[in-house]
Each structure stands twice: as structure tokens, then as C-alpha cells.
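So the structure is just underneath, and the comments pick up after that.
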Amino acid sequence: MFTREPTGASRDSSGSSLATRNSCLSRKPCARTRTFVKELARVIPNSIVFGRGKQSVDELADHARQEGYDRVAVVTEMHGNPHTIRILDISESDWKWTDEFVFRSVKLSRDFGERVKTPDTLLAGGKFASALGIESEESDTVLQQDKKQITFFQNENGKFRNVTEELGLDKKTGWWFSVRSADMDNDGDMDLIAGNFGLNSKYYGTREEPFEVYYHDFDNNGLQDLVLVFTEEGRKYPYRRREDAVVQIPGIGDKFKTYNSYAKSNIYEIYGEENLDRALHYQANTFESVYIENKGNGTFEFRPLPIEAQFSSINDILINDYNEDGNLDILIAGNMYAVEVRTPRNDASIGLLLTGDGSGNFQSVNHLESGFFVPYDVKSLAELKTRDSSYILVGCNNDYLRVFKSKAH
């Protein structure tokens, strides 16, 4: 079904902050991040930019309050580019993290040359999430949010209303990387295929025992710490072993002298209930990649994709009739190589073709039969059609572009 076409052959994170009434620069942000924050301030009413320096979050909150602000947008960078915006709510006496937005392929106004005269298009350059239009009884929009839940918005005469909870879909939280829509069961409405983290890792989560993440400056040294949590028999424990936790927060070694005392303690005893209450907190209760059937009456049903699709994260999805039987099929690829030292990377995916039967059922096809073999850190898929041929383009991180010729037209 696919033939290979010939082609040519850890994270660095620092940051910055912005204060808004409705945004600060970190220790040594790069030039692009400084420019990004300044341009962001131009499009956020009543906002100012100030340098964070070595301020802790408490000092940062006090500084912003003295300036008369009730919210702070902390901008972080990765590999010399703006990466995230985290919102700090300081309207009450006790501050708290509320939201986080992740950017991809950020473009500054200068990157557009003469085409952009104002910074109004700045935010469009950062990809918060991918949006798709689907239809049920009324026109809806589906917004796939990174690492959270799939959120549904309903179009009401040009205004969008969040109806995720009304549809009963707010309980499915995960690490969603991709989403695509098509009529997979030939009933006239649009269904969804959603790519998640997968089931082949040391991380797991269920409704009863979710995977959890806390993000906070637990030892007040001005640096944010990440705590990964699992639940067992109703008690919450950290994923990290004592030696790793001590490297991140040295005070833990003084508090828990032995491995045994650390192993018997829950996260509240280790990190403190007050600190955890202040932290940015997310949960994931499923890592399955799924087919979401649109039932046509305002309801949706989540069904897991075949087990071969759960071997790794699904970063991108294409939908077409690849075996030319009149029914839509699914082409997926993924993996995630950028992980911390103690965590094995997601690298079990070699790409996968799932053929559909037109009724919402899918069968995995061996790569020797399909010809689609991409055992790389795949970040994107695209389909390119010419007058007489169709090609699949595979974007691989830190590698060259792969091209496959497809039978589908």
C-alpha cells in the first residue's frame, strides 16, 4: 500500500514573566523570549513587563501586587525560543497557578518581514492546540488540548460555548497529542480519532487511581520542581526514588534519612500539604488512544484503538482509504525520545496502518504488508497529492524527511 521514496539524508528551559491587570523576565532569557514578552505586552491591555531576576514565586507575587496587578503571566523558554506561558493568580492573599499554555513554532512579528505591521498576529504564531470542525445535530468545534482533556465547543451563531461537561466528556483526561475527524462508520456524521500517550510505559492512570503532576517551587529556591504521583490503595506516592528526589530538593534527604522512611511516606508528608495545594496540578486517568464515535444525538462513545496502536504515543494521524476498499483507514506515527534520564523513552512505534470496515472497527496491518515503516521520533504526517500520485510525508525530529508513495487518491 505504501512504497518508500528516496530522500536526502534534553531540554534546556529558562524563562521570563509578564504582569497583566486582566504580566517579568527570568534570570537570563534569550533575545527571542525578551522580544516575545514585549510584543505580548502590546496586545494585552494594561500590561507591563518587568525583570524577575532571582525572585522566588512569593517575591514575584508581592512585586506584582505592589504594582497594582492581580495576575502574572510567566513565560518560559526552551532551546532559545518561547515555550510556555503559566498564569499566576495573585488576586487573593494566597497565590496559585491556574493555567498553562504550550507553544510550538512561535513566530515573532519580525519573522514575517514586511507582511506584518502590528503585533496583532503574534499569538497566532504559537500553536496552543489543534482545532477541528465536526457535526452532530448542530455545528460543533473540537479543541484538542495538550496533556489535558479533549474539549468540545458548540458554535452558537458565531459564539463558541464549552459543552464538554454537558456531553459527559470532561472525565477523560490524558496526554493527548493529536486528533482528527472523519466519518469512520459511514453514518453521515463526523467521528474522531484521538492520539494519546499510549499504554507501554511505566506511567499509568485510571479514574480511581489517576496519574498526577504537581509543579511548584517546593523548596523556595526560585526554581520550579516537578513531582509525578501515582495512587496505590488510596494513598498518593511519588514516582521518583529517594536519590532522585534529593537531587531535586536536597531538604528531603534531611527529613527522610533512610530509603525505608521515604518509601513509607505519601506525597503530603514528603512535600507538604500547603505546598501541594499551591502547586499547578494536573491529572490523567487514561493513556489509551481512542476512536470516538459520534452517535448523532449529541453523545459520543470512546472506544480504544487496537493494542498495536497503544505501543507508544501517537503524535499525528492521517485518514484516507489507503487499501481502496471504499472505507476510511487510519495511518498513525509517533514516539517521544525527549524524556528525563530515569524514564525510558517512548520508541516502540514503527508507524501503523489501521484498516477500517466502515462500521467503526479497525484492523492493524503488519508493516511488511503495508510498507509503512517509520521507527523514528515522528512529529508530523502530511499527505501530498500530485496529478497522478499521492505521497505520505513523515517529519522526524532530528532526522530527515521520509516519503512514501501511497495508492490512495
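At-a-glance table
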item	result
Extension gain, residue 206 back to residue 35 (0.36 nm per residue minus Cα-Cα distance, nm)	57.4 nm
Of all accessible heavy-atom area on segment 147-238, the percent that carbon and sulfur account for (1.4 Å)	46
Under 21 Å from residue 54, Cα to Cα: lysines that are on another chain or at least 8 residues apart	28, 38, 96
Hits among lysines - C-alpha to C-alpha of residue 159 under 26 Å, sequence gap 8 or more where chains match	127, 147, 148, 171, 172, 295
Peptides 385-393, 196-204, 69-77 ordered by average Cβ neighbours within 10 Å, highest first	69-77, 196-204, 385-393
Net dipole in debye of segment 279-409 [+1 Lys, Arg Cβ; -1 Asp, Glu Cβ; about Cα centre; nearest 20]	320
Semi-axis lengths (Å, descending) of the ellipsoid that matches the C-alpha gyration tensor of segment 211-294	27, 16, 11
Set of aspartates and glutamates with alpha-carbon distance to residue 107 below 13 Å, sequence-local pairs under 8 removed	39, 120
Percent accessible area from carbon and sulfur atoms, segment 277-386, protein chains only, probe 1.4 Å	50
Long-range HN-HN contacts of residue 183 with modeled amide H, under 5 Å	191
Charged-residue dipole, Cβ positions (Lys, Arg, Asp, Glu), segment 196-328 about Cα centre, Debye nearest 20	580
Alpha-carbon Rg/Rh ratio, for segment 299-409, with Rh computed the Kirkwood way	0.99
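The values are calculated or read from the model by the stated rules, or taken from the named source; none is laboratory data. Computed from a prediction, not measured in an experiment: that's the story for all the values here. All Cβ positions, even for glycine, are placed from backbone atoms using ideal geometry, and neighbour counts span all protein chains on display. Note: areas computed on protein heavy atoms with side chains; ligands, DNA, RNA excluded. Shrake-Rupley method; radii C 1.70, N 1.55, O 1.52, S 1.80 Å.
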